[in-house]
Amino acid sequence: MPETGQLMLETITRKTMLYKPSLPGMDYAMNPVLGCSHGCRYPCYAWLMARRFGKVKSFSEWTRPILVENTLELLEKELKKWHGRIQNVHLCLTTDPFMYRQPEIGRLSLASIRRINQSGIPCAVLTKGVLPAELAELDERNRYGISLISLSEEFRGHWEPGTAPYAERIAALRALHEQGCRTWVHIEPYPTPNIFAQNIDELLEAVAFASEIDFGRWNYNPVVNQFPDAAGFYQAMRARVADFCREHGIRF
Ligand code: SF4
């Protein structure tokens, strides 16, 4: 009996893969999957947009990922067509490239990164799954990141139920770091204490080995604004992360 996630995923084809998002500091991005089995409930912005634009009808449909089967063919074409114009490719903005226990997705993402690197273009990879060890063999300019907003498995079970356990996520990042890779921790969306009370220092200590850390607030959920002085809270947390990074020689 195969484990969940080793079953064949549904597939679709698309007309394009690489695109230029309108986010500051980001060059190109790609999303080789529609949907995400991580099923984050903050809520997930990508799910809100997929529902709004009629790409999926329900949250349960969103959590059944669909592979873009012509991803590598599209990359082949677009990398040639835009040769010299692409500086960096981010995986992913509307799905997760290393979705937990989804080996078909991991294989496709790894093959995509390899192909992009072959064209001399580095990638930035961000996941709430487990970064595979094979990434250490690829372009040394690649950046490998995990999203991490808590160390509590109780929190994860409620807000990010399909993601990798925190210890596994951190261990995979640390292993890549020890292999000399550039690693990064994306602390967003960080919860206000009325969502979940925790000590940010414990989280920072757990990833003190990373090359870079960034920090962002919880969005798209009115419960944040029920916390008195949410703005002041985020200002203090941001300052704490900045201080920690300075003390530990981590890029913020
Ligand atoms: S991992 Fe990212 S894309 Fe997937 S459900 Fe969570 S927030 Fe959305």
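The values are calculated or read from the model by the stated rules, or taken from the named source; none is laboratory data. Everything numeric in this text was worked out from a predicted model, so none of it was measured. Because the Cβ atoms are built from the backbone with ideal geometry, glycine has one as well, and the counts that use them run over all protein chains shown. Quick note on the areas: whole protein, heavy atoms, side chains included, nothing else; ligands and nucleic acids left out. Shrake-Rupley method; radii C 1.70, N 1.55, O 1.52, S 1.80 Å.
Each stretch of four or more DSSP H residues adds -39500 (n - 2.57); spread over every residue of the chain, this sum gives -10000 deg cm²/dmol at 222 nm.
Taking only the Cα atoms of segment 10-248, the radius of gyration and Dmax are 17.8, 52 Å. Placing unit charges on C-beta atoms (Lys and Arg positive, Asp and Glu negative, everything else neutral), compute the dipole magnitude of segment 10-248 about its Cα centre in debye, rounded to 20. For this selection, approximately 1040 debye.
Pick out which of Ser147, Ser109, Ser60 has the largest mean-square fluctuation in a Gaussian network model of the chain, springs linking Cα atoms closer than 10 Å. Result: Ser60 has the largest fluctuation of those listed. Please give the helix 71-81 orientation as an angle from the longest Cα principal axis of the chain, in degrees from 0 to 90, rounded to the nearest 10. Approximately 80 degrees, to the nearest ten.
Subtracting the Cα-Cα distance from 0.36 nm times the residue separation, let me have the gained length for Tyr19 to Phe155 in nm, one decimal. List each step's numbers first, then the result.
On the way: separation 136, 0.36 × 136 = 48.96 nm, distance 3.36 nm.
Working it through step by step, the gained length comes to 45.6 nm.
Working out 0.36 nm times the residue gap between Thr11 and Glu168, then minus their Cα-Cα distance, what length gain in nm do you get to one decimal? The partial results should precede the final answer.
Numbers: separation 157, 0.36 × 157 = 56.52 nm, distance 2.82 nm.
Using 0.36 nm per residue and subtracting the Cα-Cα distance, I get 53.7 nm.
Report the extension gain between Ala239 and Arg107 in nm, rounded to one decimal, defined as 0.36 nm multiplied by the number of residues separating them, less their alpha carbon distance.
Difference between extended and current length: 43.7 nm.
Compared with the dominant principal axis of the Cα atoms in the chain, helix 230-248 is inclined by about 80°. The modelled label-to-label distance for the pair Glu188/Glu134, using points 7 Å beyond Cα in the direction of Cβ, is 2.9 nm. Once backbone amide H atoms are built at 1.01 Å from N, Val33 has Val68 as its partners under 5 Å, excluding neighbours fewer than 5 places away on the same chain. Normalised per residue, the accessible area of segment 86-186 is 37 Å², obtained with a 1.4 Å probe and no contribution from ligands, DNA or RNA. For segment 10-248, carbon and sulfur atoms together expose 51% of the accessible surface, with a 1.4 angstrom probe and every protein chain in place.
For the chain, give the share of DSSP beta bridges that are antiparallel, in percent and rounded to the nearest 5; count only bridges with both residues there. Mind dumping the intermediate values first?
Values: 3 of 27 bridges.
The antiparallel proportion sits near 10 percent.
Applied to segment 124-140, the Karplus parametrisation 6.51 cos²θ - 1.76 cosθ + 1.60 on θ = phi - 60° returns per-residue 3J(HN,Hα) values of 10, 10, 10, 9, 10, x, 10, 6, x, 4, 4, 4, 5, 8, 8, 3, 5 Hz, with x for Gly and Pro.
Label positions at Glu76 and Arg115, each projected 7 Å from the Cα along the C-beta direction, are separated by 0.8 nm.
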